[in-house]
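Engineer: Sending over a structure as structure tokens; questions will come in a sec.
The values are calculated or read from the model by the stated rules, or taken from the named source; none is laboratory data. All values derive from a computational prediction rather than experimental measurement. Virtual Cβ from ideal backbone geometry, glycine too; neighbours counted across all protein chains shown. For accessibility, only protein heavy atoms count, side chains too; no ligands or nucleic acids. Shrake-Rupley method; radii C 1.70, N 1.55, O 1.52, S 1.80 Å.
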Amino acid sequence: MPELPEVETVRRGLEAQLVGRRVDEVVVRDRRLRLPVPSGKLRRLIAGQRVLGARRRGKYVLLDFDGGAVLMVHLGMSGRLTFAKAGVPYAKHDHVVFELDGGRELRFNDPRRFGLVDAFARSDEPKHPRLANLGVEPLAVEFNANMMHKLSRGSTRAVKSFIMDASVVVGVGNIYACEALFAAQIPPSLSVGRLSKVRWQRLVDAVRGTLVDAIARGGTTLRDFANPAGEAGYFATDLRAYGREGEACVRCGRRIRRIVQGGRSTFYCAHCQR
Ligand SMILES: [Zn+2]
């Protein structure tokens, strides 16, 4: 499943290739994604419009158009956006095609169909049901120790669940949460209300550093790697905690443990994370 670093890589690619281009036509070949693709609305809002920019909100890619519309794409489990020359035969699972000026096309391909494609007026973005309740961006300055410390007072939730909650902070997937907690030396089950501001600072830095590292590695270059849980991420050799149950901790040499929190595997060192 594409995680935030991969989506950010996709966003950068779209920005480089699409800004200034015009979408001449939208062809919906199959509406059946996670929600039905609103083909009429896509055509009405997007066709004939030029791309002004590409943003990301959590794992949603948002393309802004000069007519005031926003195209929203979520890659789901297996979605991909690819460029092709017009006339090149469609691939299996090319569900939505954006025909561009200059004879190229942007194609949304999604074998497992958990992806989403939607369009709306920019003025409706704050109340869009998929976007309205999203928490802070982990790479934004608003994600900081003060804010997280304040937000977590009185809460008994486990810190790992808290940082993976998209209504708190978006895009911290399981692998990144495990690695950030390891780096910050914080036990994953600790009640988040007990985390001091100093430790929040360490954790905020670790979350950001983990994501920035992954983006710097290109995100998509990691596409072919999937661990047994089907999660895309670092190559196993770059992980210090995740997937290393029973192996020696790189810091203290004791064994990495695995527990299950909220149905997800957590890997940590009980000796250095306490
Ligand atoms: Zn250790």
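Engineer: Go through segment 119-153 and count every residue that is farther than 30 Å from Leu45 by Cβ and among the β-branched types (Val, Ile, Thr).
Structural biologist: 1
Engineer: Counting only residues that are touching a strand residue (DSSP E or B) at 6+ places or on another chain (Cβ under 8 Å), part of a helix (DSSP H, G or I) and surrounded by fewer than 21 Cβ atoms within 10 Å (Cβ to Cβ), how many does segment 15-41 have?
Structural biologist: 4
Engineer: Okay, next question. Here's a check for you: in segment 42-81, which residue that is of a type in the set (D, E, K, R) and not in a loop (DSSP other than H, G, I, E, B) is nearest to Glu8 (Cα to Cα)? Steps first, please.
Structural biologist: First, the residues of segment 42-81 that are of a type in the set (D, E, K, R): 43-44, 50, 55-57, 59, 64, 66, 80.
Then keep just the ones that are not in a loop (DSSP other than H, G, I, E, B); that gives 43-44, 50, 55-57, 64, 80.
Values: Arg43: 26, Arg44: 27, Arg50: 21, Arg55: 9, Arg56: 7, Arg57: 9, Asp64: 16, Arg80: 13 Å.
Ranking the qualifying residues of segment 42-81, first place goes to Arg56.
Engineer: Is it the case that segment 82-95 has a residue that's of a type in the set (A, V, I, L, M, F, W, C), within 22 Å of the chain's Cα centre (by Cα) and either open to solvent by less than 40 Å² (accessible area, probe 1.4 Å) or assigned by TED's automatic domain parsing to the domain that holds Thr210 (or both)?
Structural biologist: No.
Engineer: Still on this structure, please answer the following. How do the helices (runs of 4 or more DSSP H) wholly within segment 136-199 filter down when requiring 2 or more residues that are surrounded by fewer than 17 Cβ atoms within 10 Å (Cβ to Cβ): which remain? If you could, list the steps in order and put the result at the bottom.
Structural biologist: Working: elements: 145-152, 159-163, 174-184.
Helices (runs of 4 or more DSSP H) meeting the threshold: 145-152.
Engineer: Kindly indicate the residue of segment 252-267 that is in a loop (DSSP other than H, G, I, E, B) and without any contact (Cβ under 8 Å) to a residue 60 or more places away in the chain and also farthest from the ligand (Cβ to nearest atom) among those meeting that condition.
Structural biologist: Gly263
Engineer: Can you name every residue in segment 113-135 that is open to solvent by 60 Å² or more (accessible area, probe 1.4 Å) and touching a Lys or Arg at 6+ places or on another chain (Cβ under 7 Å)?
Structural biologist: Arg113, Phe114
Engineer: Still on this structure, I have one more. Scan segment 145-184 residue by residue and report those that are closer than 28 Å to Cys249 by Cα and basic (Lys, Arg).
Structural biologist: Residues satisfying the conditions are Arg157, Lys160.
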